[in-house]
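The values are calculated or read from the model by the stated rules, or taken from the named source; none is laboratory data. Quantities reported herein were computed from a predicted structural model and do not represent experimental measurements. For neighbour counting, all protein chains shown are included, and Cβ atoms are generated from backbone atoms with ideal geometry for every residue, glycine included.
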Amino acid sequence: TATLYAHTSAVTGVAWSPDGLQFVTCSMDNTARIFSFDGTWRATAALKKHTGHVSDCDWSVTSRVVICSLDLRAYIWEMDLMGSWRVLEELVHHTGEFISACQWSPDGSKVATGSGVAAQERNVPAMHLWQIDDVKPSNSLFDTLTLPEQVFTVGWSPDGRQVVVGSLEKAYIWQSGTGGRPTILDGHPTNVISVAWSLDGRHIATCSESTIYLWEQSDGAWNILQLLDAHQDWVLSVAWSRKGQLLSGSLDHTARIWTRLPGGTLWNQSALLEHQDVIFSVAWSPCGNIIATGGTDTVGRIWRQASLDMSDWVLTETLVGHEDAIFDVEWSPDGQKVLTGSYDKTACVWLKDAEEWKCATALRHTGVVKSVAWSPDNSKILTGSY
């Protein structure tokens, strides 16, 4: 394990390189940093172009990095033949007051950026799509979606052709690069704070207050398929399994599994998983038969499907060791370990020893651990704290 002190203020985002040997961090100190592993972890580059807090960062499958900031600027960085990081392109023409999010498409050919609430009437928040061209790196803005309200969340479809944007009372589905009008997913009572694509790209779950809105694509059109309204308070997280089941976690102290029966058209609640307090994070194991949940009652929980009956989920193990709320849970790519981040300023790597899960490694921080992530090769982890 390693604790890396390179930034002078709060870290706002982290992202792994595709090979798991580097990662990028961004911070309120107006910089991003590249960390590399050559026997030990060390900061190998400081990306300094911004005059405001760096709000988000992402690493593409083509080994480029996008950085965006509250100064209304975003930059694409790449490593040259001498091993130095240089700016490939500045993404200009943003509107709004600040850039709050940036994300690469799955194939690394496009970037989506989202700007926040405008400070002046002449500026408006918007989503921008950028084509990153090796031959002509300039003038790569190829589509803009002007929005009436702030962007809260954004996600690419699995095939990289569409973007879903969560905003105030609406979500927008945007066909990238067409210049056409977006499809509006209307009817939410307030902020759309979470969105999730199904792995086949045919369904989207959007969350607003206590309701999950399930949308289906048919003949090129998106239509509301179903409202999942069993939760009694805000839904904070949703996740699709590889088998097409939906998992949700809520302020109402429950996680719920939603299943579409073979040949059926609607999802039904197939299982109710109860905590003693708020559930912040839910995660499917890679096999799709095990679930991890975490929340404010300090105890992580492992749930297993006990039979072929999709309603037959049982609490089999607990992760006991944190002294405060668990904000994030993530399964390792091999499905053998669980990583948790907590308000108690620690992250834990959990391994199953005989019949119990034990915190094999406790990673202590100087602040709250808000987010955690595994490297693709299963050998490293990232944690973000403030």
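Confirm whether TRP222 is touching a residue at least 24 places away in the same chain (Cβ under 8 Å), over 17 Å from PHE280 (Cα atoms), in contact with a Pro (Cβ under 7 Å, 6 or more places away or on another chain) and not assigned by TED's automatic domain parsing to the domain that holds GLN103.
no
So which residues in region 279-295 are outside any strand (DSSP E or B) and in contact with an Asp or Glu (Cβ under 8 Å, 6 or more places away or on another chain)? I'd like the intermediate steps shown before the answer.
In the first step, residues of region 279-295 are kept if they are outside any strand (DSSP E or B); the result is 285-289.
Within region 279-295, PRO286 is the sole residue that qualifies.
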Would you point out the residue of region 266-278, among those that are outside any strand (DSSP E or B) and touching a residue at least 24 places away in the same chain (Cβ under 8 Å), that is farthest from the chain's Cα centre (by Cα)?
LEU266
Residue list for region 262-304, filter: out of contact with any Gly (no Cβ under 6 Å at 6 or more places or on another chain), more than 12 Å from SER248 (Cα to Cα) and buried (at least 21 other Cβ atoms within 10 Å of the Cβ)
TRP267, GLY295, ARG301, TRP303
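Looking at SER176, SER248, SER237, SER194 in this structure, which one is modelled with pLDDT of 90 or more and either surrounded by 18 or more Cβ atoms within 10 Å (Cβ to Cβ) or not assigned by TED's automatic domain parsing to the domain that holds PHE280 (or both)? If you could, list the steps in order and put the result at the bottom.
Numbers: SER176 fails: modelled with pLDDT of 90 or more; SER237 fails: modelled with pLDDT of 90 or more; SER194 fails: modelled with pLDDT of 90 or more.
Only one candidate qualifies: SER248.
Conditions tested, residue by residue: (1) modelled with pLDDT of 85 or more; (2) within 18 Å of the chain's Cα centre (by Cα); (3) of a type in the set (Lys, Arg); (4) assigned by TED's automatic domain parsing to the domain that holds TRP284.
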residue	(1), (2), (3), (4)
LEU339	yes, yes, no, yes
TRP350	yes, no, no, yes
ASP353	no, no, no, yes
CYS359	yes, no, no, yes
ARG364	yes, no, yes, yes
GLY367	yes, no, no, yes
ALA373	no, yes, no, yes
ASP377	no, no, no, yes
ILE381	no, yes, no, yes
If we keep only residues of region 73-94 that are within 15 Å of ALA32 (Cα to Cα) and in a loop (DSSP other than H, G, I, E, B), then the residue nearest to the chain's Cα centre (by Cα) is ARG73
Selection count, region 6-36, where residues are over 20 Å from HIS50 (Cβ atoms) and of a type in the set (Ser, Thr, Tyr)
2
